[in-house]
1. Being among the hydrophobic types (A, V, I, L, M, F, W, C) and assigned to a strand (DSSP E or B) narrows it down to one residue among V329, V398, V420; which is it?
2. Name every residue in the range 293-323 that is among the aliphatic types (A, V, I, L, M) and not in a helix (DSSP H, G or I), in order of residue number.
3. Here's a check for you: in the range 266-285, which residue that is open to solvent by 70 Å² or more (accessible area, probe 1.4 Å) and at pLDDT 90 or above is nearest to L328 (Cα to Cα)?
4. Of the conditions (1) crowded, with 17+ Cβ neighbours inside 10 Å; (2) in contact with a Pro (Cβ under 9 Å, 6 or more places away or on another chain); (3) in a loop (DSSP other than H, G, I, E, B), K403 satisfies every one except a single condition; which number is it?
5. Can you go through A335, A351 and tell me which one is of a type in the set (A, V, I, L, M) and open to solvent by 40 Å² or more (accessible area, probe 1.4 Å)?
6. Can you tell me which of E139, E155, E116 is in a loop (DSSP other than H, G, I, E, B) and out of contact with any Phe, Trp or Tyr (no Cβ under 8 Å at 6 or more places or on another chain)?
7. Go through G366, G354 for me and flag whichever is touching a Ser or Thr at 6+ places or on another chain (Cβ under 8 Å), modelled with pLDDT under 95 and closer than 26 Å to D315 by Cβ.
Amino acid sequence: MALGRTTTSEHAQMAGLRTRAYVFVAVSLLATVIFLYTNSLIRRLEVQSATLSRSIAGLCATATYAARENEELSVVFGELIESINFPVVISDVRGVPITWKDLPLVADPENVSHEEYLTADPENPSDSQLGDVMRFMIELDRRRSPIPMTQIGDETILGYIHYGESSMIKEMRFVPALEILAFCILLLLGFLGFRNAKIAELRSIWVGLAKETAHQLGTPISSLMGWIELLRETGSSECESCSEISRMAVEMQRDLERLSRISQRFNQIGSIPKTKRQDIAIVLREAVDYLRWRLPSLGKEIEINEDYTDVPLVDVNAQLMEWVVENLVKNSLEALPPKGGTIAVRTEYAAKEGVVRVLFTDNGRGLSAAERRRVFLPGYSTKRKGWGLGLALARRIVEEYHKGRLYVGWSEPGKGTTFVIYLPTT
């Protein structure tokens, strides 16, 4: 194939890609700013909550023993303890829990006997409720240092307050992840919506172009049919040039029938074409024969080889599949030199995959990696003249109307290219 040429349609596609990239970058920056702000807010709340927790824990440490001496203070202290919404364990100077609150454990201080409390070993917690509390207390101390409890006016340590973080902080740590997930979902929905809208727009353009082409071809075809009939009548007369006129009328009739079939093809684009279960080799042979007959007029001395093996029948719309074959063969013709080129068309059956493969191989210029990625894009052409719609239309016919696949199976610059059509047998 020749070096790629960027068309107006491709420029429009590239502009659309740039626009989508700008939108994506803008949304990503917005998401990043919100994410960073939320993280900063969470960190400030965490510091504030930790300071509050430490203050409450310190108050508990100061008031615990004082509350034993004052009944009114004991009531106030009890209400304060009830308002705490984070894990708190009060232990003695040995590190044995005395009481606790808001622990994620099934453990009640009332169920701990005095004997168990006296014999408890913080270095080797037992398999009991008190042992579970001691193990949890150790986990709290790994994150936050316990606050020593001292009696007012005395620096003697009487016990420790072990505390954790509030449930609010734990829940808020999930907020950034939820934000990221929400933005990803919004980006995905936006991308899918934009892509579907673009596909719908392209589909409407395809359909409109095809219908308008079929409509425009209708009038001259009808007129040409009348002129051919007049030529036939003239050719039936006895004159020197009448036999030549008759032969010309036959050839014109053949091309006119071809033109009529092309019009019918365009008319089927945008509707649901009818498929018929048939031998794909018959469709391929008819399309290739017509192209082989036209090769001399194209100034090409090229050989087209056919190898049709015995394969299962497939559901095919003959007119549209012939169009695909013509586009692929013509694409190969553009890649071949005027002399010495070959095109091989063959079929094979992939039993494991349940598909019939049709392979078109030429020994032309081949495709680069970049060209392979863009070769099916509407508007991309390697020719100086052309709309760049042939391969895009061929893929659309194979994939949308025949539920198959069309792709580049192999290509190497300077050696050739193989296009592969997959057609399901079921």
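The values are calculated or read from the model by the stated rules, or taken from the named source; none is laboratory data. Quick caveat: nothing in here was measured; it's all calculated off a predicted structure. Because the Cβ atoms are built from the backbone with ideal geometry, glycine has one as well, and the counts that use them run over all protein chains shown. Ligands, DNA and RNA are stripped out before the accessible areas are found, and what is left, the full protein with its side chains, is counted by its heavy atoms. Shrake-Rupley method; radii C 1.70, N 1.55, O 1.52, S 1.80 Å.
1. Numbers: V329 fails: assigned to a strand (DSSP E or B); V398 fails: assigned to a strand (DSSP E or B).
Matching residue, one of V329, V398, V420: V420.
2. At the first step, the residues of the range 293-323 found to be among the aliphatic types (A, V, I, L, M) are 295, 298, 302, 304, 311, 313-314, 316, 318, 320-321.
Correct list: L295, I302, I304, V311, L313, V314, V316.
3. R285
4. Every listed condition holds for K403 apart from (1).
5. Exactly one residue qualifies, and that residue is A351.
6. None of the others qualify; the one that does is E155.
7. Going through G366, G354 in turn, just one is touching a Ser or Thr at 6+ places or on another chain (Cβ under 8 Å), modelled with pLDDT under 95 and closer than 26 Å to D315 by Cβ: G354.
Each row is one residue, and each column tells you yes or no for (1) small (G, A, S); (2) out of contact with any helix residue (DSSP H, G or I) (no Cβ under 7 Å at 6 or more places or on another chain); (3) without any contact (Cβ under 8 Å) to a residue 60 or more places away in the chain; (4) at negative phi.
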position	(1), (2), (3), (4)
N327	no, no, no, yes
N331	no, no, no, yes
P338	no, yes, yes, yes
I343	no, no, yes, yes
T361	no, yes, yes, yes
R372	no, yes, yes, yes
